[in-house]
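Student: Once you've had a glance at the structure underneath, I'll fire off some questions.
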Amino acid sequence: MRKEEQILNEFTSREYEYGWTIDIEADSAPMGLNEDIVRFISAKKNEPDWLLEWRLKAYRHWLTLEEPKWPNVTYPKINYQDIIYYSAPKQKVNPESLDEIDPELIETFNKLGINLEEQKRLTGVAVDVVIDSVSVATTFKDTLAELGIIFCSFNEAVNEHPELVKKYLGSVVPMTDNYFATLNSAVFSDGSFAYIPKGVHCPMELSTYFRINAANTGQFERTLLVVDEGAYVSYLEGCTAPARDENQLHAAVVEIYAAKNAEVKYSTVQNWYPGNKDGIGGVYNFVTKRGICAGDNSKISWTQVETGSAITWKYPSCILKGDNSIGEFYSVAVTNNYQQADTGTKMIHIGKNTKSRIVSKGISAGKSQNSYRGLVKISRRAENARNYSQCDSLLMGDQCGAHTFPYIEVNNKSAQVEHEATTSKIGEDQLFYCNQRGISTEDAVALIVNGYAKEVLKQLPMEFAVEAQKLLALTLEGSVG
Amino acid sequence: MLKIKNLRASIGDKEILTGINLDVNAGEVHAIMGPNGSGKSTLASVLAGREEYKVTSGSITFLGDDLLDLSPEERAWKGLFLAFQYPVEIPGVSTTNFLKTAVNNVREHRGLEKLDAVSFLRLMREQMKLMEIDQSLVNRSLNEGFSGGEKKRNEIFQMALLDPKLAILDETDSGLDIDALKIVANGVNHLKSSDNAIIIVTHYQRLLEYIVPDFVHVLYNGQIVKSGTKELAFELEEKGYEWIREEVAGISI
């Protein structure tokens, strides 16, 4: 057997680390989707009427839409009636202390490497944990409240801060935006909400941890971040799911609103179950993420490390409305085995002197397909807009694919738009060189891949960067022989 | 230290080494010379364990072990080092990071403690002086955009850090100007000891003016056809490889 083949075979042998399930008693909706289900979800959450109406409007609009066909991915038709749209771990509502949380849940957190008890005392990260459809725990709430920062589950925000939710919900991603965002608007069950008041520099990382646990369940969470004038926040999200043979749908929406002089850093490490090595199972990750730099001099920076999911379809975007506002997108997307990714960004320049920067690093291995799709749009009144895009692809083996679909629309002559793209392969020569220096092949792959992705990884907060590096190495472990 | 017996090796269907015999002991410097295509680089690659080359018969013992049973990295851990003729580039991986990974991997397998960042940098700085390596070079991605001379110096620099028992220098002199050649030779001479051995694979005698070999072997058509001392290298320089060809032809007739 040729070495390349051997390499590829070993590459595919790696098992997903978070594939376990825990038997948590769940409170679920009946399978399928109709107006009653939408009402059921809304009722479960004790939602006000305006929100139920909003959901129903979204649902009715969704019925008129068709699933998008343009992404460079293939999958069997999804039967939206075969999905459970609401599943909640049964537990006491709003636990007062950790003692009141189901021990099985605590066990889940420990397995995920999130020790809530430790979290409370030691680390500088406030965590909101969402399992299936509901938020089950949020740490550091009180500390943050002293600064006027609101960080809570979406459901809580609806009840406690309706004026904020009402004002910003759907303001960046309208309920009619696209098939999956509209579906989410109808059936979203929980998620995280954060509000950073004027002039406050959020002293710790805010983070949401998403976990799909129940079978046949879709996860539809919503995240809404509102960052007021001159405020700053760094937000992290992580996700895992059990290994199941059937595909699971995850259609989330993230909205970010940045006022004048505000700055938001949004980092994702996405590690949903990717399916097994034969391409059975895995999460369909169809996500709409968008931020608006509404005020002058504001900045939104997206960083994503995408290693999981059978299919990833997401384009974290920035609407640069305020003058001098800045949008950034840093991405590492890894696909292995039969994974498919169609991911990138949209940078919409509206304000004057707006700047955007796109750094996308794709890594394809196994029989996977990895596409970058990005739009840079300079509107007519966006004087002196600048964009720099760099799209690199790294191929491992000869059975995978890397694709780049850049779209550039320039309507103002003063714009400067640059696009660079490269494609390279991890060479046997590089691996042999490392081996000869005493570096095992697995370490060599990790070294080479991390070197390749360095520009993106360095954007992540420290603890996360270390995690992400390990995750990259794990995803590609056994990839090369 | 190294014992090669009747080694035959091929790439694809083509046999390149047709029966090599060579003994190398600790403290010795051996030069392997020969015209293009005689199998010099193949021998170096087979010793380091490059997979494209298939050993069809013969044996190699290295420090008591069957070398052919070991993977390339196991050979490195045991103390075999190859200075590449064409060092590869690894974008985004700083030379320092690469070297630290290599040194600690090797140390771990030699039963030594891993070096922390401070101790490693100290060790690296010492060796940088020796090889006249500039700080800016080790901050750059490994070999990326290095000049030919910088790449070759970087190879010997790595040799210094990894402290091998047997170093094989594959055409290290090619593409070097005289100043770089001297730096490389000084480095190698400094690393030479009674505990280690060096095999210099070269087409020209030039490097051997600075690193004096104890033995010179002439490789021709995949075999060592002549062995001698450093005088043999001078003779080759003077007469070229033609007379070897004639001599070999004479023997075979």
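The values are calculated or read from the model by the stated rules, or taken from the named source; none is laboratory data. This is a predicted model, so every value here is computed, not measured. Cβ sites come from the backbone with ideal geometry, for glycine too, and all protein chains shown count toward neighbours. When the accessible area is computed, the model is the full protein with side chains, heavy atoms only, and any ligands, DNA or RNA have been set aside. Shrake-Rupley method; radii C 1.70, N 1.55, O 1.52, S 1.80 Å.
Student: Using alpha carbons only, how many angstrom separate the centre of region B:163-202 from the centre of region A:260-312?
Tutor: Result: 51 Å between the Cα centres.
Student: Continuing with the same structure: Would you pull out the residues with amide H under 5 Å of residue A:417's amide H, same chain only if 5 or more places away, H placed 1.01 Å from N?
Tutor: The answer is A:387.
Student: In the protein assembly as shown, carbon and sulfur make up what percent of the accessible area (probe 1.4 Å)?
Tutor: 47
Student: Where in chain B are the DSSP H helices whose C-alpha atoms run 18 Å or more along the long axis and whose mean Kyte hydropathy is at least 0.0?
Tutor: B:117-130, B:178-191
Student: If you take every residue apart from residue A:49 with its C-beta less than 14 Å away from the C-beta of residue A:49, what net charge results, scoring Lys and Arg +1 and Asp and Glu -1?
Tutor: Once positives and negatives cancel, what remains is +3.
Student: Under 8 Å for C-alpha pairs, at least 6 residues apart: give me the relative contact order for region A:340-481, rounded to a whole percent. List each step's numbers first, then the result.
Tutor: Values: 274 pairs, mean separation 30.5, N = 142.
Contact order relative to length: 21 percent.
Student: Further, regarding this structure: Pull up the DSSP beta bridges for chain B and report the antiparallel fraction as a percent, rounded to 5.
Tutor: Numbers: 25 of 43 bridges.
So the antiparallel bridges in chain B amount to around 60 percent.
Student: Work through the residues other than residue B:23 whose Cβ is under 10 Å from its Cβ and net out their charges, Lys, Arg +1 and Asp, Glu -1.
Tutor: Within the 10 Å Cβ shell, the charges total +1.
Student: Moving on. Add -39500 (n - 2.57) for each DSSP H run of 4 or more in chain B, then divide by its residues: what number comes out at 222 nm, to the nearest 500 deg cm²/dmol? Could the numbers behind the result be given before it?
Tutor: Numbers: 9 runs with 100 residues, N = 253.
Computed mean residue ellipticity for chain B: -12000 deg cm²/dmol.
Student: Please list the non-local residues whose amide H lies under 5 Å from the amide H of residue A:370, H modeled 1.01 Å from N, same-chain partners needing a gap of 5 or more.
Tutor: When sequence neighbours closer than 5 places are left aside, the close amide H contacts are A:341, A:401, A:402, A:403.
Student: Take the residue pairs A:425/B:129; B:14/B:239; B:100/B:129 and return only those whose Cα atoms are more than 23 Å apart.
Tutor: Pairs exceeding 23 Å: A:425/B:129; B:14/B:239.
Student: Could you compute how much accessible area chains B and A hide from each other, both sides summed, with a 1.4 Å probe? Nearest 100 Å² is fine.
Tutor: On the way: alone 12110 and 19130 Å², together 29130 Å².
When B and A are taken together, about 2100 Å² of accessible area is lost.
Student: Can you give the charge dipole size of the protein assembly as shown about its Cα centre, rounded to the nearest 20 debye, using +1 on the beta carbon of Lys and Arg and -1 on the beta carbon of Asp and Glu?
Tutor: Using Cβ point charges on Lys, Arg, Asp and Glu, the protein assembly as shown gives about 1680 debye.
Student: Calculate, for region B:2-252, the solvent-accessible area per residue in square angstrom, rolling a 1.4 angstrom probe over the heavy atoms of the protein chains.
Tutor: With all protein chains present, region B:2-252 gives 44 Å² per residue.
Student: A further question follows. In sequence order, what are the phi-derived ³J(HN,Hα) couplings for region A:178-190 according to the Karplus relation 6.51 cos²θ - 1.76 cosθ + 1.60 with θ = phi - 60°, rounded to whole Hz, with x for glycine and proline?
Tutor: 7, 3, 7, 5, 5, 4, 4, 4, 6, 10, 4, 10, 7
Student: While we're on this one: Hey, rough spin-label estimate for residue A:383 and residue A:470, points 7 angstrom out along Cα→Cβ, what's it come to in nanometres?
Tutor: If labels sit at residue A:383 and residue A:470, their model points lie 5.2 nm apart.
Student: Follow-up question, since we're still on this one. For a quick check, take a GNM of chain B with Cα springs below 10 Å and name the residue from B:58, B:79, B:187 with the largest mean-square fluctuation.
Tutor: Its mean-square fluctuation being the largest, the pick is B:58.
Student: Just tell me the longest site-free run in chain B, where the sites are trypsin sites (Lys or Arg not before Pro) in a DSSP loop having at most 14 other beta-carbon atoms within 10 Å.
Tutor: Between the exposed loop sites, the longest stretch runs B:115-253.
Student: Here's a follow-up. Step through the residues of region A:295-303 one at a time and calculate ³J(HN,Hα) from phi using the Karplus curve (6.51 cos²θ - 1.76 cosθ + 1.60, θ = phi - 60°), rounding each to whole Hz and writing x for Gly and Pro.
Tutor: Values, residue by residue: x, 4, 6, 8, 8, 10, 10, 9, 10 Hz.
Student: Of A:367/A:413; A:166/A:413; A:69/A:141; B:3/B:230, which ones are farther than 32 Å apart at the Cα?
Tutor: A:367/A:413; A:166/A:413; A:69/A:141
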